[in-house]
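**Student:** Mind having a look at this structure? Questions to follow.
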Amino acid sequence: MLGGGRPASIRSWCSLNPSAVVWFLVTSPSLVGSSWLDLKAVAAVHRNLRLAYLDVGLALNGTPFAQLYTSTKFSETDVDYLPNNLSNMCRLAVVYKSGGFYTDMDTLALRSVLNLTNFIALHIDEIKSFNNAAFHFKRGHPMLQLIMQFIAEDYNGIIYSWNGPIAITKAVERSGCDATPRNAMGQPVSDEPRPFSSETSLKIINEHDEQPELCDWLALKTSYFYPVYWAHALPTLFLAPVESNNKTIHEIFPDSYGVHFCNKLTKERNPRKSSLLLKIAQQVCPLIIKNHPLLRN
């Protein structure tokens, strides 16, 4: 089932990245009626949305996950954590094979991400802790290969997030790559940031046109995709009223490309009428807000 915020999330990425193809991958050959209707409604408006079935075994074949997927260790995965672990593995494998930007469905787009390339977004700048809800890599990037290899060797199916954010953070430590929090132009956050410039950020993309090396990627600062700490998502985004209704979303989140609303904690709640999440959705995907009963309250 697609929860109330998810059609809005898909539409936000389609809307703010109109020149990009947005793929929505499902691991079930069929969808529940309401989910299919939600997706059809988004696809009718956004011609850049593509819906596709993902064969998990095929996706993992040819990666370090292939042997893990058929192993006894994987078969002992806690049943409650199986979907999450398959998702953690598939997202890495798909981007490794195809290249591109990945984001979780519980992330609303605030800006186009087409000026970003080869990055993992930090979850907590101060301790250089990463999450796996937003990242971009070119096809065949060796950093993805290292992360997948690390997970295959260190897999644990009974601890939540062990094979996701925890694994990526540990893999980065093993790689020896620079995990200094940086902005889209590659500047450390400790430096005074220059005004946003698409020309400057595109220059970084062009500098990495050749086959990337292991550490050819940026650790993007927390505010770019996780401006609200995960444990504060429910009170901050769903429940608390917006303090200043005359501010735009870009004024509230001046340098954020997306906002992660942590579906694990918020999936049973609908945003209040005056909430920040609803304000975001109203600005980036008003059609979904108008038509979707769970968000119209």
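**Student:** Failed condition for Gly140, given (1) in a loop (DSSP other than H, G, I, E, B); (2) touching a helix residue (DSSP H, G or I) at 6+ places or on another chain (Cβ under 8 Å); (3) on the phi < 0 side of the Ramachandran plot; (4) not hydroxyl-bearing (Ser, Thr, Tyr), with all others met?
**Tutor:** (3)
**Student:** Right, here's the next one. Of all residues in the range 91-135, how many are over 9 Å from the mean Cα position of the chain (by Cα), without any contact (Cβ under 8 Å) to a residue 60 or more places away in the chain and surrounded by 19 or more Cβ atoms within 10 Å (Cβ to Cβ)?
**Tutor:** Adding up the residues that qualify gives 5.
**Student:** Within the range 211-248, can you find the residues that are assigned to a helix (DSSP H, G or I) and either more than 19 Å from the chain's Cα centre (by Cα) or among the hydroxyl-bearing types (Ser, Thr, Tyr) (or both)? Full working, then the answer.
**Tutor:** Taking the range 211-248 first, the residues assigned to a helix (DSSP H, G or I) are 222-224, 230-239.
Across the range 211-248, the qualifying residues are Thr222, Ser223, Tyr224, Pro235, Thr236, Phe238, Leu239.
**Student:** Something else about it: Name, by its number, the condition in (1) surrounded by 14 or more Cβ atoms within 10 Å (Cβ to Cβ); (2) among the charged types (D, E, K, R); (3) modelled with pLDDT of 90 or more that does not hold for Asp38.
**Tutor:** (3)
**Student:** Same structure again: Starting from the range 59-87, take each residue that is closer than 12 Å to Glu153 by Cα and in contact (Cβ under 8 Å) with a residue 40 or more places away in the chain and list its partners that are aliphatic (A, V, I, L, M) and outside any helix (DSSP H, G or I), counting only C-beta distances under 6 angstrom and pairs at least six apart or across chains.
**Tutor:** Partner pairs satisfying both residue conditions: none exist.
**Student:** Take Ala66 and decide whether it is farther than 27 Å from Pro18 by Cβ, small (Gly, Ala, Ser), modelled with pLDDT of 95 or more and within 21 Å of the chain's Cα centre (by Cα). So that I can check it myself, show each step before the final result.
**Tutor:** Details: farther than 27 Å from Pro18 by Cβ: yes; small (Gly, Ala, Ser): yes; modelled with pLDDT of 95 or more: yes; within 21 Å of the chain's Cα centre (by Cα): no.
Considered against the rule, which asks whether it is farther than 27 Å from Pro18 by Cβ, small (Gly, Ala, Ser), modelled with pLDDT of 95 or more and within 21 Å of the chain's Cα centre (by Cα), Ala66 comes out as no.
**Student:** Moving on. Determine, yes or no, whether Asn85 is farther than 27 Å from Cys285 by Cα, surrounded by 13 or more Cβ atoms within 10 Å (Cβ to Cβ) and in contact with a Gly (Cβ under 7 Å, 6 or more places away or on another chain). Walk me through it before giving the result.
**Tutor:** On the way: farther than 27 Å from Cys285 by Cα: yes; surrounded by 13 or more Cβ atoms within 10 Å (Cβ to Cβ): yes; in contact with a Gly (Cβ under 7 Å, 6 or more places away or on another chain): yes.
For Asn85, the condition - farther than 27 Å from Cys285 by Cα, surrounded by 13 or more Cβ atoms within 10 Å (Cβ to Cβ) and in contact with a Gly (Cβ under 7 Å, 6 or more places away or on another chain) - is met.
**Student:** Which of the residues belonging to the range 37-79 are among the aliphatic types (A, V, I, L, M) and more than 30 Å from Ala8 (Cα to Cα)?
**Tutor:** Taking the range 37-79 as the starting set, the residues that turn out to be among the aliphatic types (A, V, I, L, M) are 37, 39, 41-45, 49, 51-52, 54, 56, 58-60, 66, 68, 79.
Ala66, Leu68, listed by residue number.
**Student:** Within the range 255-297, which residues are over 15 Å from Tyr226 (Cα atoms), part of a helix (DSSP H, G or I), over 19 Å from the mean Cα position of the chain (by Cα) and at pLDDT 80 or above?
**Tutor:** Hits for the range 255-297 are Leu278, Lys279, Gln282, Gln283.
**Student:** Within the range 69-82, identify whether any single residue is in contact with a helix residue (DSSP H, G or I) (Cβ under 8 Å, 6 or more places away or on another chain), of a type in the set (Asp, Glu) and surrounded by fewer than 20 Cβ atoms within 10 Å (Cβ to Cβ), and answer yes or no.
**Tutor:** Initial filter on the range 69-82 (in contact with a helix residue (DSSP H, G or I) (Cβ under 8 Å, 6 or more places away or on another chain)): 69, 74, 77.
Checking the rest, the ones that are also of a type in the set (Asp, Glu) come to none.
There is no residue in the range 69-82 that is in contact with a helix residue (DSSP H, G or I) (Cβ under 8 Å, 6 or more places away or on another chain), of a type in the set (Asp, Glu) and surrounded by fewer than 20 Cβ atoms within 10 Å (Cβ to Cβ).
**Student:** Can I ask one more? Kindly list the number of the only condition in (1) at pLDDT below 95; (2) surrounded by 13 or more Cβ atoms within 10 Å (Cβ to Cβ) that fails for Pro195.
**Tutor:** In the conditions (1) at pLDDT below 95; (2) surrounded by 13 or more Cβ atoms within 10 Å (Cβ to Cβ), Pro195 misses (2) alone.
**Student:** Condition (residue is modelled with pLDDT of 80 or more, loosely packed, with under 15 Cβ neighbours inside 10 Å, farther than 27 Å from Ala41 by Cα and touching a strand residue (DSSP E or B) at 6+ places or on another chain (Cβ under 8 Å)) applied to the range 245-254: is it met by at least one residue?
**Tutor:** no
**Student:** Just need a number here: residues in the range 14-42 that are touching a Cys at 6+ places or on another chain (Cβ under 9 Å) and among the small types (Gly, Ala, Ser).
**Tutor:** Looking only at that region, the number is 2.
**Student:** While we're looking at this one, here's another question. Can you tell me which residue among Asn156, Asn131, Asn163 is closer than 24 Å to Phe65 by Cα and in contact with a His (Cβ under 9 Å, 6 or more places away or on another chain)?
**Tutor:** Working: Asn156 fails: in contact with a His (Cβ under 9 Å, 6 or more places away or on another chain); Asn163 fails: in contact with a His (Cβ under 9 Å, 6 or more places away or on another chain).
The conditions single out Asn131.
The values are calculated or read from the model by the stated rules, or taken from the named source; none is laboratory data. Every value quoted in this text rests on a predicted model; they were computed, and no experiment measured them. Please note: Cβ atoms are built from the backbone with ideal geometry, for glycine as well, and neighbour counts cover all protein chains shown.
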